[in-house]
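Everything below concerns the one structure shown next.
The values are calculated or read from the model by the stated rules, or taken from the named source; none is laboratory data. Everything quoted here is computed from the prediction, not taken from an experiment. Ideal geometry is used to build each Cβ from the backbone, glycine not excepted, and the neighbour counts take in all protein chains shown. Calculation scope for accessible area: heavy atoms of the full protein, side chains included, ligands and nucleic acids excluded. Shrake-Rupley method; radii C 1.70, N 1.55, O 1.52, S 1.80 Å.
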Amino acid sequence: MIYNMLCCNISLNNNDFQINAIKKGLGDKEEVKQLWNIAFEHFGQGLFNWGGRGIEQEGCGKPYDKDDVREYDQIEVTTLDSYNLDRCDLIKIDIQGYESKAFAGGDKTIDKFKPFVLLENSNLESPELDNNMKAKQWLLDKGYEFYRLMMPENKKYMNDDCFALHPENKYYSLAKNMIDGAPEGWTYTQEL
């Protein structure tokens, strides 16, 4: 469903020539994995968070049964490195605690281009906390600076929005100027 919505948005915005939608997950190796059951993203009255589903794994915060196979929830997982990109300036990622595996599968690409990374990464106590900390540490180990965005009126998710910037990124100075000139009330906290 989410993939189909993405394709429709690409087409409706006349971006077919610029964007190539790929219906795969990103991880540290080529494999078939299973998304967690949509029932875990049901908020009552027929409301589901279809985009909030992640890949089943240890520590994902959802019941995980390795023997439960639901063909309709399976996804082909590949690595970022397998695309042999000619350019990578930005990675925007929110894959429910699977980020460190996606980063590991993009090790060569990230080392080569040192892209700006936008990610959801909560530092609050949750079942996904260990996976979030692994993703953050992976970026820090690669020499990235890690920042957490604090917005004035976003109390619920104020710790989740993060970005990582590598000093060798060609847009590093521009990004640092944006941090220094953040709108009133917004703060970026660098974490080590």
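Assuming GLY143 fulfils every condition listed in (1) in a loop (DSSP other than H, G, I, E, B); (2) over 23 Å from ASP86 (Cβ atoms) apart from one, which condition is it?
In the conditions (1) in a loop (DSSP other than H, G, I, E, B); (2) over 23 Å from ASP86 (Cβ atoms), GLY143 misses (2) alone.
Could you give me the residue pairs with C-beta distances under 8 Å whose first residue belongs to the stretch 1-15 and is closer than 14 Å to GLY51 by Cβ, whose second residue is open to solvent by 90 Å² or more (accessible area, probe 1.4 Å) wherever it lies, and which are 6+ apart or on separate chains?
That search, which allows pairs on different chains as well, returns MET1/TRP50; ILE2/TRP50; TYR3/LYS23.
If a residue has to be of a type outside the set (Phe, Trp, Tyr), open to solvent by less than 60 Å² (accessible area, probe 1.4 Å) and not in a loop (DSSP other than H, G, I, E, B) to count, how many in the stretch 85-119 make the cut?
12
Regarding the stretch 42-60, can at least one residue be identified that is in a loop (DSSP other than H, G, I, E, B), closer than 16 Å to ILE95 by Cβ and at pLDDT 80 or above?
Scanning the stretch 42-60 turns up no residue that is in a loop (DSSP other than H, G, I, E, B), closer than 16 Å to ILE95 by Cβ and at pLDDT 80 or above.
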